[in-house]
Amino acid sequence: MDTAAAKVFRSGAAACGKRALAGGFTYIGLLFLVAMVGVALTLVSEMWQTAQKREKEQELLFVGHQFRRALAMYRANGGGYPRELQDLIRDPRVPGVRRHLRKIYQDPITGGTEWGLLRTNGADGFITGVYSLSEAAPLKQTEFSLADADFEKKSKYSEWVFVAGPAQGSNSTPVDPTGNRTQSRVRR
């Protein structure tokens with residue numbers, strides 16, 4: 001039964017099968033393309049997050065240097081260290097307005113206004129340094145400036161302590177007798 005109708009039917013079915021097969025390859029190609037776009041977006045997202053973290057690290061270094069400079073200026077302009085961070089904004093030791101710091105900066109890593117404070121003689125002591133409260137691991141591990149050389153190979157941001165240094169002629173140090181940092185938190 002090899003009629004013309006049967007031949008047309010067979011050729012139509014064969015053509016339809018070829019179209020179905022081509023459609024399957026197109027679908028697989030489209031799925032592959034979507035997967036590749038997803039992988040590319042993931043890589044771009046990771047690169048963006050890394051860039052953001054590096055930028056926050058640079059901002060933390062800037063803010064830390066501002067605190068370090070303000071603490072050194074406070075000590076140089078009357079001796080001693082402040083009891084509160086607010087004393088850096090308005091020095092209570094002088095009758096007029098003397099500012100060692102424009103404002104209490106936010107911690108760029110945590111996004112909060114709370115800082116760890118390095119104090120002499122426990123929680124009631126004078127502030128000799130500040131540090132971030134973040135326990136996250138820093139990206140930057142080497143090539144710090146000379147002032148920040150102690151930050152090399154630190155495993156978390158809270159180990160980046162910005163210290164002005166002990167006052168001359170003072171036997172107070174920013175470390176307690178057990179060798180641990182004296183920590184307190186301040187919220188502004």
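The values are calculated or read from the model by the stated rules, or taken from the named source; none is laboratory data. Everything numeric here is computed off the predicted structure, so don't read it as measured data. Backbone-built Cβ (ideal geometry, glycine too); neighbour counts: all protein chains shown. We work out accessible area using only protein heavy atoms, side chains counted, and drop any ligands, DNA or RNA first. Shrake-Rupley method; radii C 1.70, N 1.55, O 1.52, S 1.80 Å.
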Some residue of the stretch 159-167 being at pLDDT 90 or above, open to solvent by 20 Å² or more (accessible area, probe 1.4 Å), of a type outside the set (A, V, I, L, M) and part of a helix (DSSP H, G or I): yes
Qualifying positions in the stretch 51-86 - touching a residue at least 24 places away in the same chain (Cβ under 8 Å), surrounded by fewer than 19 Cβ atoms within 10 Å (Cβ to Cβ), assigned to a helix (DSSP H, G or I) and among the small types (Gly, Ala, Ser): Ala72
Pick from the stretch 145-158, criterion out of contact with any His (no Cβ under 9 Å at 6 or more places or on another chain) and buried (at least 16 other Cβ atoms within 10 Å of the Cβ), ranking: nearest to His65 (Cα to Cα): Phe151
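With the requirement that a residue be assigned to a loop (DSSP other than H, G, I, E, B) and aliphatic (A, V, I, L, M), what does the stretch 87-103 give you?
From the stretch 87-103, those assigned to a loop (DSSP other than H, G, I, E, B) are 90-103; that's our starting set.
Once the filter is applied, which keeps residues that are assigned to a loop (DSSP other than H, G, I, E, B) and aliphatic (A, V, I, L, M), the stretch 87-103 yields Val94, Val97, Leu101.
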